[in-house]
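See below for the structure under consideration.
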Amino acid sequence: MTADNSGRTVPGATAVANRKPRLTPTPPRQNLKRIRRASLGDGVLDTLVFVVMLLCVVVTLYPFFNSLAISLNHADDTVRGGITLVPRVFTWRNYELIYTNAKIYTAYFITFARTAVGTVTGLFFTAILSFGLAHKRLIGRRFYTMLCLIPMYFGGGLIPTYFLIRNLHMINKFWVYIIPNLVNLWNMILMRTYFQGIPEALEESARIDGANHIRVFFRIIFPISTPIIATVGLYVAVFHWNSWFDAAMFVTKQELKPMQTVLMSIINEAKFAEQIAQAAGGAMVDMSNISRGKAVNVRSLTMATMIVTILPIIMVYPFIQRYFIKGIMIGSIKG
C-alpha cells in the first residue's frame, strides 16, 4: 500500500514498483550459430541468383547491342570484323539506304494497318469462340473442340491453301492478311482456359438480371480478363508484325507489300550486288541504283533492317509486360 500525491493509498503500487522488468532470454550459442549459418546461406544463394540473372541479361542483350553496333558501322570497316558493342566508324548510311527507298513508307503503312486491324479482329473472334467453348452446357461442345484441335496437327498444305484464297477472291487484297488469321487455335485454348476459371456465379447473377450472352461477355467477362486479353493481343500483334510469307505467296502488288517483304527485297538486292562485286574481285560494291552511290555491306544492311523491324515491338512490350506475365501463367497453370 502506498500513498499518491493527494494522500490516498494505492493498492498494489509497491508490488508494481518492486517488479523487475522482464529480460529477453539470451539465445544459446547453438541457436546463434544456426542463425549465422542461415544468414550466410541466404547471402550466398542471393549472390548466386544475382550472378545467374546477370549472365542471362548479358547473354540476352548482347546480340541486340552487337547488331546495333554493326548497323551503325561503316560498310568498309564492317568487313574487317571484330565489332562488339560500339561501332568503330559511326555512320547512318545503312539506315539511309533503307529510308531513302520510297517503297518503305508504303510498306510501313501496310504493316501498321495490318497489325492494328488484325489484332483487334483476331482478339474479337478468338475471344468469342473461347467464350462459347468455355461453357460446359454448350450442346456439341466436344465436337466443336475436336474440330478446332484437328487443324492444329494436320494442315491442307500450301497448294490447297492458295486455291482456297484464290477462290475467295482475296489475291492481291488487303484482307488476305486479316481473314485467314482471324482465329489462332492455340490462343483460343489459352483464352478458353482463362474463361473457365472465372466463377460461374458472375454470369448467373447477370443472367438473372436479364442480361443475354452478348451483354455478359462485353460487360462482365471482357473487362475482368485484362491479363489474357493483353497476352493474346501481344501474340497476335507480333504475328502480324513479323509475317511476310502470306505477302510473298498471295500478293504481287507492290503497294500492298508489308515492311518485312520490302526489307527482304532490299537485302536480296544488296546481296546480289555484293556477289557480283566479289565475282569481279572486289569485296564491296557501289550500288548506284539502290543506295544512290553509297557503298554498303550486306551484313550491316541486314542488322539495320533487323533493328528497324524489332524496335516498335520492343517499345510496346514494356507497357503490357505485367499483364502478359500474369495472363500466360494463369492460362498455363489452369490448362
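A few notes on this one:
- Gain on full extension, evaluated as 0.36 nm per residue between L138 and T106 minus their Cα-Cα distance, stands at 7.0 nm.
- Along the range 106-116 the Karplus relation, 6.51 cos²θ - 1.76 cosθ + 1.60 evaluated at θ = phi - 60°, assigns HN-Hα couplings of 5, 5, 4, 4, 4, 5, 5, 5, 4, 5, 5 Hz to successive residues, with x for each Gly and Pro.
- Counting neighbouring beta carbons within 10 Å and listing from fewest to most, the residues T78, T145 come out as T145, T78.
- Segments 160-169, 224-233 sorted - mean Cβ within 10 Å per residue, highest first: 224-233, 160-169
- Counting charges near K136 (Lys, Arg +1; Asp, Glu -1) among other residues having Cβ under 14 Å from its Cβ returns a value of +1.
- In terms of other Cβ atoms within 10 Å, V58, V89 run from fewest to most in the order V58, V89.
- In order along the range 55-72, the Karplus-derived 3J(HN,Hα) couplings, from 6.51 cos²θ - 1.76 cosθ + 1.60 at θ = phi - 60°, round to 5, 4, 5, 5, 5, 6, 7, 4, x, 5, 5, 5, 5, 5, 5, 5, 5, 9 Hz, and Gly and Pro are given as x.
- The spacing between the range 45-81 and the range 117-181, judged by their C-alpha centroids, is 40 Å.
- Ascending count of other beta-carbon atoms within 10 Å, so fewest first, for E200, E96, E269: E200, E96, E269
- Rounded to the nearest Hz, the phi-derived 3J(HN,Hα) couplings of the range 131-143 under the Karplus curve 6.51 cos²θ - 1.76 cosθ + 1.60 (θ = phi - 60°) are 5, x, 6, 6, 7, 5, 8, 5, 5, x, 4, 5, 5, where x marks glycine and proline.
Computed from the coordinates by the stated procedures, all read-outs in this text should not be read as laboratory data. What you see is a predicted model; the values in this text were computed from it and never measured. For neighbour counting, all protein chains shown are included, and Cβ atoms are generated from backbone atoms with ideal geometry for every residue, glycine included.
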